[in-house]
Amino acid sequence: MSQTISPVLSVVPTRALVDETFKMVVENLPPASPVTLHALLYSEDKDYWEAYGHYVSDHRGTVSVAEDMSLGGTYTGKEAMGLLWSMRPEPGSRTGLRLRKREVTSPMLVHISVYSGHITEGFRKQSPLASVPTERWYMAPGVQRIEIKEKGVRGTFFIPPGPGPFPGLLDMWGGRGGLLEYRSALLASHGYASLALEYFSPSELQSADLQIQYFETAFNIIKDHPQVIPDKVGILGLSLGTMLAFNLVAESTKIKPRCCVCISGHHLVSNRLMIDGSLPNDPKKLRFDENNYLIRRDVVLPVPSDPSQKIDVRNIKCPMLLVNGDDDQNSPTVEAAEDIGNMMRSGGNLHLLSTLTYPDTGHLIEPPYSPHFRATTVRAPRTKEKVMILWGGQTKPHSDAQEDSWRKILAYLHHHLYSSTTPKAKM
Amino acid sequence: MSKTIPPVLSVVPTRALVDETFKVVVENLPPASPVTLHALLYSEDKDYWEAYGHYVSDHRGTVSVAEDMSLGGTYTGKEAMGLLWSMRPEPGSRTGLRLRKREVTSPMLVHISVYSGHITEGFRKQSPLASVPTERWYMAPGVQRIEIKEKGVRGTFFIPPGPGPFPGLLDMWGGGGGLLEYRSALLASHGYASLALEYFSPGELQSADLQMQYFETAFNIIKDHPQVIPDKVGILGLSLGTILAFYLAAESTKIKPRCCVCISGHHLASNRLMIDGSLPNDPKKTRFDENNYRIWRDVVLPVPSDPSQKIDMRKIKCPMLLVNGDDDQNSPTVEAAEDIANMMRSGGNLHLLSTLTYPNTGHLIEPPYSPHFRATNFIIPTATKEKVIVLWGGQSKPHSDAQEDSWRKILSFLQHHLCSSTIPKARM
């Protein structure tokens, strides 16, 4: 059998951080030839995630994902990174899955392949024309990973390479609990000594240690580290982590965060939150959508007019960046942000507040090119029953929001934690 | 002590193939502030290699290596990759060293640092302002590495990721002997199924198996591999590897290379080369420079007019790209290239020949950003195994430019002859 020229698939670079872009090009195809570009990831939880786009080669027999339009698939249009952000579990997989890497010292391995024709399923059963694996890393070389079990605080500290000292970050996830390291690993890869904090075990919120002292101790562990600049430590939170961030900056007399990034959170809890761990939880206010997915956004509505039922954001003394999606079905972040603006206006500290609100974007605003999860499975804390929670968002606008907000978050952190209006470093 | 904001050093990307560029930027410096950018590599042979450049920050307190001029150091001028190609052993190291990675499944780890002021030595004893490690890889993810010990042939085969089939390459190093995998690993990362061939052990050329059959067998191992396109197998050689490539392309009736890349070689060996392994070696023609380094370029000169004293280039039937440096002190590659062209003109096959000749470039033309070695230790492959220092030639900056330019042109030449086709494209 005579072998003709194989199409050539190139992905550049083949090793990158997860928030870096790549260029994918196929050459040596016949002109005007339909092909499918495909991405495949086998997750730590042993599920297959995939994305694909339908392309037609040009007169030179070339397809360039960054420049050509996808005509169909899990994404359409000119989308250089569509093969990553539009990933979803292979049809037939378990439902309600979420993709979150636990082991950050190794990369995600994404296999990029090109198939003949426009196909929509059965990729793993066919032979591609060409295939290239590509590594996506949360950790840059030289980032240190240090497990913290100190003064009762549990977490993982990621320190950038080099002597430092570096600005610091207290990184707080949300209501699912456990310890996720990937965002802190990525922040350290961008020059921030970042502590991913564990403050309750998965699904054990009732027994969580939400006392303010726990978070103050964690903050000070960062601040007192020899490789951290003590007056340049900020807080970054998502969801429940944002609520805690609001409470800390408003109420703590012991710590002074330099700035706060508050993703998908609200201030609609009384200050009992950090005394007895009680979160609002009125079952009558839970709604369900047409798929029976749980919508929790109404639980804390309406926004109380009584300030004692809210975190007093008028006490806040550091700059804050709010990042919200207007299709957040889990939390009423947009309504809350409006009320925060009103409170801070009356409190005279409105100048500290910046708000980004993204259209058709849901609750789970993650680093760029992460797949979008409109609804995923969660175990109810007491009954351990599996429930599908609706987070919201439409995949394309939500992915755009992840890309744009991450860039703005990094610029915001750089401005508040790296730049200085004082004379620069004396050397 | 109050801690102020330290300077921020970024290297992008931090993981790359060895022939990819990076951007090195320092921010948060005081304006108009002198700093030294430094690169450090601890080699497999346990030597420290370093390069450095002297910079002055702009009014925003930024230094960008890709855009600013180095005012001094191991390189000067606007050199985005100067921190790699201008590396040399730390002062006080052993002499005559050469940097060649043996273990290709792991990256070279280069530490990029920025120091206050313009300094020239003692880097490892001082604390830098900032430091970032960066990985330089010969192998892309998914490239397969297969040790070959088959039909008497010894080597390592690197196959690109994916089903293939791929064009193939027979990759032949020179007179130092042994087995070096890095160039084949890099070629496979660019889509070529490349076999790095071992044909003699270091220092044992006399007992080497230079019989043509050995190389024909190696070529066929590549050609017959299920993931290789049988009529798209080429040869790439350097130095002695090029002499052998010329010989195979001219004399073999059993193999048909699709094209040949011939780096730093010549055709001035009689056809006894592949019969009794004899290489010209007239000690009277060895010269020495002012440092007592050996200059071997005259050993095969003058170019014989008798065709039987040369490889008959008129018989060559495949496209050939010659890559030479005009300061090659080891081999008279430029004179040979001229004679090759004359032979091929008279033979009617001149249209197959392309020649690149680089100014002030020496013998060891390696992949881009590899440090330049003007003279290194060498074990003479005779019974005495005498250790000498051989002068390869070249000046670092033009030689490094040549490595960068020639590699791009080599990849383009290979792509044209092994990947493109004038026949209708792949039927799918």
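The values are calculated or read from the model by the stated rules, or taken from the named source; none is laboratory data. Quick caveat: nothing in here was measured; it's all calculated off a predicted structure. Cβ placement follows ideal geometry from the backbone for every residue including glycine, while neighbour counts extend to all protein chains displayed. Calculation scope for accessible area: heavy atoms of the full protein, side chains included, ligands and nucleic acids excluded. Shrake-Rupley method; radii C 1.70, N 1.55, O 1.52, S 1.80 Å.
Observations on the structure shown:
- Set A:Lys285/A:Lys408; B:Lys46/B:Lys125; B:Lys101/B:Lys387; B:Lys149/B:Lys317; A:Lys232/A:Lys408; A:Lys149/A:Lys223 screened for pairs whose C-alpha atoms are more than 23 Å apart: A:Lys285/A:Lys408; B:Lys149/B:Lys317
- For region B:285-410: rounded, prolate or oblate by the Cα gyration tensor [a/c cutoff 1.5]: oblate
- Most fluctuating residue given options A:Leu238, A:Leu286, A:Leu321, as computed from a GNM of chain A linking Cα atoms under 10 Å: A:Leu286
- If you sort A:Glu121, A:Glu50, A:Glu335 by accessible surface, 1.4 Å probe, largest first, the order is A:Glu121, A:Glu335, A:Glu50.
- Bridges between two residues of the protein assembly as shown, per DSSP, are antiparallel at a rate of about 65%.
- Of A:Pro304, A:Pro283, A:Pro89, the residue with the greatest mean-square motion in the GNM of chain A, using alpha carbon springs below 10 Å, is A:Pro283.
- Aspartates and glutamates with Cα under 16 Å of A:Lys310, excluding same-chain neighbours fewer than 8 positions away: A:Glu251, A:Asp276, A:Asp298, A:Glu335, A:Glu338, A:Asp339
- Virtual spin-label span in nm between A:Tyr42 and A:Glu290, 7 Å along Cα→Cβ: 3.8 nm
- Normalising the Debye intensity of the protein assembly as shown to I(0), with uniform scatterers on Cα atoms only, and taking log10 at q = 0.06, 0.08 Å⁻¹ returns -0.49, -0.81.
- Accessible area buried at the A-B interface, both sides summed, 1.4 Å probe (Å², nearest 100): 3900 Å²
- Across all Cα atoms of region A:142-204, the radius of gyration (one decimal) and Dmax (whole number) stand at 11.7, 39 Å.
- Cross-link partners of B:Lys78 among lysines (Cα-Cα below 22 Å; sequence separation of 8 or more within a chain): B:Lys23, B:Lys397
- Solvent-accessible area of B:Lys397, all protein chains in place: 80 Å² (probe radius 1.4 Å, heavy atoms, ligands and nucleic acids excluded).
- Per-residue [θ]222 nm for chain B (sum of -39500 (n - 2.57) over DSSP H runs n ≥ 4, rounded to 500): -5000 deg cm²/dmol
- Rolling a 1.4 angstrom probe over chain A with all protein chains present gives an accessible area of which 51% lies on carbon and sulfur atoms.
- Distance in nm between pseudo-label sites at B:Leu301 and A:His351 (7 Å out along the Cβ direction from Cα): 7.8 nm
- Placing a label point 7 Å from the Cα of B:Lys23 along the Cα-to-Cβ line, no residue of region B:115-131 has its backbone N under 11 Å from it.
- In this entry, region A:332-398 is assigned a mean projected area of 6.4 nm², taken as a quarter of its C-alpha convex hull surface.
- With a simple spin-label model that places each label point 7 Å from the Cα along the Cα-to-Cβ direction, the separation between B:Lys315 and A:Arg60 comes to 4.0 nm.
- Rolling a 1.4 Å probe over the heavy atoms of the protein chains gives chain B an accessible area of 40 Å² per residue.
- The Cα-based radius of gyration of region B:74-213, divided by its Kirkwood radius, gives an Rg/Rh of 1.07.
- The ellipsoid equivalent to the alpha-carbon distribution of chain A has semi-axes of 40, 25, 19 angstrom, derived from the gyration tensor eigenvalues as √(5λ) and listed largest first.
- Mean projection of the Cα convex hull over all viewing directions, computed for region A:8-137: 7.4 nm².
- Burial of 20 Å² or greater, region A:100-118 residues [accessible area, probe 1.4 Å, versus chain by itself]: A:Ser116
- Fluctuation leader among A:Thr95, A:Thr376, A:Thr357 - chain A, Gaussian network, Cα springs under 10 angstrom: A:Thr95
- Using C-alpha pairs under 8 Å with a sequence gap of at least 6, the mean separation divided by the residue count of region B:297-360 gives a relative contact order of 45 percent.
- Relative contact order (percent, whole number), chain A, Cα cutoff 8 Å, 6+ residue spacing: 12 percent
- Measuring heavy-atom accessible area with a 1.4 angstrom probe and counting protein chains only, the residues of region A:157-196 that give up at least 30 Å² relative to the chain alone are A:Pro161, A:Pro163, A:Pro165.
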